[in-house]
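Structure first, commentary second.
The values are calculated or read from the model by the stated rules, or taken from the named source; none is laboratory data. Just so it is clear, the model here is predicted, and its values are computed rather than measured. All Cβ positions, even for glycine, are placed from backbone atoms using ideal geometry, and neighbour counts span all protein chains on display. We work out accessible area using only protein heavy atoms, side chains counted, and drop any ligands, DNA or RNA first. Shrake-Rupley method; radii C 1.70, N 1.55, O 1.52, S 1.80 Å.
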Amino acid sequence: MTILVTGGAGFIGGNFVLDWCGVTDEPVVNLDKLTYAGNLETLAPLREHPGHTFVHGDIGDRNRVEQLLTRYTPRAVLNFAAESHVDRSIHGPGDFIQTNIVGTYNLLETVRSYWHGLSSANRKEFRFLQISTDEVYGSLSPSDPAFTETNRYEPNSPYSASKAASDHLVRAWHHTYGIPVLTTNCSNNYGPYHFPEKLIPLMIVNALAGKTLPVYGDGMQVRDWLYVKDHCRAIRRVLEAGEPGETYNIGGWSEKTNLEIVHTLCALLDALRPKPDGCSYKRQIIFVADRPGHDRRYAINARKMEHALGWKPMETFETGIRKTVQWYLSNPEWVQNVQSGAYRAWVTKQYGDAG
Ligand code: NAD
Ligand code: DAU
């Protein structure tokens, strides 16, 4: 038995593959295009691992994916591959449409033809798992209940609209063609190997470099945070016991404003890596122009995962964020490695002089 993971050199996919190889002997084939967000350094611990095969390629390349399916005959395809950063989707939606929508469509079509060729027993056991986001549900007011699996899709950014579109394709390929699909909608992840364009790693990396900590708007937007390894465990559980055609919300029961997040990071860094001048990292916080169309609040109701599949997060935000800060302090080479010329160009484009 083998699984095929796409986007396994990115943040969540990379953590998933590392965890997978730690808990099972089942081989994993890892297909990744290695965009700016894909990093083989993340997979360095697997260089000698016999169960991990890395393949450089695009989910939209039907020939390439067909060859992989024929050669490795996976029992499941887990689709992590995506363009994932909201701010980038605002500057240039094209790549998001191409990978998240057209790429997923091509992947589904290739999988459909492979699936048809399987024996009826293997067709029944096969799974296509779509890794999606809570952002497809849109924005909540402070008093709204958290998103459940029956909330309407109301995406507001080019990124979330492209993810919503791909989720709809996955759903349709189940209802029309019978492919056994599973979809997970997860809240904001944080943890090791997180690319420093996203809030938490950006703030840690900027703080340590003595740079400003740019908070969008009033900093009172709310996100629900989940430690990435809890997400990986949830995905393994959905793959193992999820019902084909069902969707599962995954979250950390941990709503925080962005300002709370930044203050927590500064306090942890003050304790773990005090500044030589004795000042707090909080002094580096600045408020910058808000993100256009910025969603105010996301919150996930993860009861279905708990009741149907017995999954609950193991980390609290306090334990997870401490581990995360410690990881960044212990892995400066990883950070240096991802801060390529392309990364610096992005920082200048997004933050201008504040970067
Ligand atoms: P990421 O940007 O860190 O990684 C994406 C990976 O996909 C990269 O390795 C990249 O090289 C690869 N990729 C991009 N286009 C590709 C293509 N056409 N073919 C093959 N590989 C391609 O993203 P992430 O944060 O790890 O997110 C992974 C998935 O989880 C995404 O689908 C995202 O929508 C979803 N998600 C993310 C979060 C979060 O908080 N980061 C939360 C919920 C859901
Ligand atoms: O909710 C799940 C989603 O979480 C995933 O689907 C996305 O792939 C992932 O990128 C993430 O989206 P967000 O937009 O919520 O994450 P980001 O880290 O970009 O921003 C988190 C919050 O912090 C958001 O309200 C914007 C704010 N922010 C972000 C950056 C980069 C700032 O205030 N300043 C910043 O510099």
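Accessible surface for region 71-140, divided over its residues, is 38 Å² per residue with a 1.4 Å probe.
Placing a pseudo-label 7 Å from each Cα along the Cα-to-Cβ vector at Tyr72 and His168 gives an inter-label distance of 3.1 nm. All other residues with a Cβ under 11 Å from the Cβ of Leu208 taken together, and with Lys, Arg as +1 and Asp, Glu as -1, what is their net charge? Within the 11 Å Cβ shell, the charges total +3. If you model region 82-122 as an ellipsoid using its alpha carbon gyration tensor, with each semi-axis the square root of five times an eigenvalue, the axes come out at 32, 9, 4 Å, biggest first.
Cβ under 12 Å from Trp173's Cβ, Trp173 left aside: what net charge do those residues give with Lys, Arg +1 and Asp, Glu -1? Here the count lands on 0.
Where the accessible area of region 218-330 is counted over protein heavy atoms with a 1.4 Å probe, how much of it, in %, is carbon and sulfur? Please list the in-between numbers first.
Values: 2600 of 5100 Å².
Carbon and sulfur together cover 51 percent of it.
Taking Lys and Arg as +1 and Asp and Glu as -1, the other residues whose beta-carbon sits under 11 Å from that of Gly51 total -3. For region 135-283, the alpha carbon positions stretch 64, 31, 25 Å along the principal axes, listed from largest to smallest. Per residue, region 204-355 exposes 46 Å² of accessible surface when a 1.4 Å probe is rolled over the protein heavy atoms with every protein chain present. Both numbers refer to the Cα atoms of region 91-197; Rg and Dmax are 15.8, 50 Å. Expressed as a whole percent, the accessible area of region 1-156 that falls on carbon and sulfur atoms is 49 (1.4 Å probe).
Principal semi-axes of the equivalent ellipsoid, √(5λ) from the alpha carbon gyration tensor of region 212-355, are 32, 19, 17 Å from largest down.
Region 41-60 and region 129-167 have Cα centres separated by 30 Å.
Values of log10 I(q)/I(0) for the chain across q = 0.07, 0.08, 0.09, 0.12 Å⁻¹ run -0.28, -0.37, -0.48, -0.87, by the Debye formula with one identical scatterer at each alpha carbon and no solvent. For region 212-251, the normalised intensity computed at q = 0.30, 0.33, 0.34, 0.35 Å⁻¹ comes to -1.05, -1.12, -1.14, -1.16 (log10 of I(q)/I(0), Debye sum over alpha carbons, equal scatterers, no solvent).
Can you tell me the orientation of helix 62-72 relative to the chain, as the angle in degrees between its alpha-carbon axis and the longest Cα principal axis, to the nearest 10? Tilt of helix 62-72: around 70 degrees.
Name the residue, out of Glu260, Glu41, Glu26, whose mean-square fluctuation peaks in a Gaussian network model built on the chain with Cα pairs under 10 Å. In the Gaussian network model the winner is Glu26.
Note on region 1-141: dipole from Cβ charges, positive end direction compared against Ser132, Tyr105, Asn122; the farthest Cα belongs to Asn122.
Pop the C-beta distance of Arg152 and Arg344 into the FRET formula with R0 = 51 Å and round what comes out to the nearest 0.05. Intermediate values should be presented prior to the final figure.
Numbers: r = 40 Å, r/R0 = 0.78.
Using R0 = 51 Å, I get an efficiency of 0.80.
Return the whole-Å distance between the Cα centroid of region 212-241 and the Cα centroid of region 254-282. First find each Cα centre; the distance between them is then 19 Å.
At q = 0.17 Å⁻¹ the log10 of I(q)/I(0) for region 32-117 amounts to -0.81, computed by Debye summation with a single uniform scatterer per C-alpha, solvent ignored.
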